[in-house]
Amino acid sequence: MKYRVTQDKIKSQDNYKLAPKGDGMIEQAIQWLKDGGEESAAAILSDCELDLLFVDLAFELGGERELELYDVNIAAPRRILDGIEESYSQEKEQIEQAIKGLAQSNNWCIRDIVWVPKLPSKKSPVETEVSEQLLTVNSEHLRRAWEKTLRRKSEDPEGAITAARTLVETVCKHILDEEQIAYPNNADLPNLYRLVVEQLHLAPEQYTEGLIRKILGSCQSVVGAIAALRNQLGDAHGKRAEAAIPHPLLAELAVNLAGAMAKYLLAVWESSKKNGG
């Protein structure tokens, strides 16, 4: 696409501002790639972070359409970045085409796409422990569910609440599937959780000691609350115009609670397998 910018010259990088749209676009791009059967490119992009840097307003040559002009940084882990020009050249082209196509549908124009190193981020103790626990489980779905939850936490409280509920549900289904325990396709999170804790001997009614029953009952309440919070404040359903927007700190609490429950269930399950079930 040919365009002209409204300023004569972009003077320096200081003129850039970070657009708060990267997380949403990367998820759209991953889904777009999957829909096109480009699974390898989708997998690579899911391990990356995407920043959109606003450059200026531009006008399409020969027309009056105003566009937002962006540069894009794709932050990739070293194992991906080292092979992006050779081993992953096809996936690189597919990813960049997906980003440009999605940008155009949003009335944006991408001026340049640059692949940069993905630097380690400072994680909270909960994030670190959950991430380490997930490394012990052979499930790409679980790892991506957790990464999506973390990506949304800072800039998309509604999406983070929905992703937190999805994380716990994914953990429950993973355990039930591995244990070959049947469950209805339309089973909600509280019912899935009940099946899991019964299998892992974590149901409150399976204990007589009062304090243990209270703690396990509180865990059950937390999972139920995460599911209810998603229905009320998440982004999975359409909302009325006057609907409340969740505070980012509430979303962070939901993510941390979901992460703690996911880690606990997986740790108990792994321990039960080592001890013969």
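Structure values in brief
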read-out	value
Residue within segment 235-250 that is surrounded by fewer than 20 Cβ atoms within 10 Å (Cβ to Cβ), closer than 30 Å to GLU27 by Cβ, within 26 Å of the chain's Cα centre (by Cα) and modelled with pLDDT of 90 or more present	no
Selected residue (only one of GLU169, GLU147, GLU158 is under 25 Å from PRO246 (Cα atoms), free of Cβ contacts under 8 Å to residues at least 60 places away in the same chain, outside the structural domain of LEU52 (by TED's automatic domain parsing) and of a type outside the set (Lys, Arg))	GLU169
Leading residue by the ranking (surrounded by the most Cβ atoms within 10 Å (Cβ to Cβ)) among those in segment 107-122 that are assigned to a loop (DSSP other than H, G, I, E, B) and in contact (Cβ under 8 Å) with a residue 24 or more places away in the chain	LYS118
Qualifying residue in segment 131-147 (condition: of a type in the set (A, V, I, L, M, F, W, C), in a helix (DSSP H, G or I) and more than 25 Å from HIS174 (Cα to Cα))	no
Conditions (1) surrounded by fewer than 20 Cβ atoms within 10 Å (Cβ to Cβ); (2) at pLDDT below 90; (3) within 30 Å of PHE54 (Cα to Cα); number of the one not met by PRO125	(3)
Segment 65-87 - residue that is part of a loop (DSSP other than H, G, I, E, B) and among the small types (Gly, Ala, Ser) and, of those, farthest from LYS118 (Cα to Cα)	SER87
Which listed residue, of SER89, SER139, is without any contact (Cβ under 8 Å) to a residue 60 or more places away in the chain, of a type in the set (Gly, Ala, Ser) and not assigned by TED's automatic domain parsing to the domain that holds LEU57	SER139
Residue match in segment 57-66 (condition: crowded, with 21+ Cβ neighbours inside 10 Å and either at positive phi or not assigned by TED's automatic domain parsing to the domain that holds ARG230 (or both))	yes
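The values are calculated or read from the model by the stated rules, or taken from the named source; none is laboratory data. This one's a predicted model, so the numbers in the text were calculated from it and none came from an experiment. Here the Cβ is made from the backbone with ideal geometry for all residues, glycine too, and neighbour counts use every protein chain on show.
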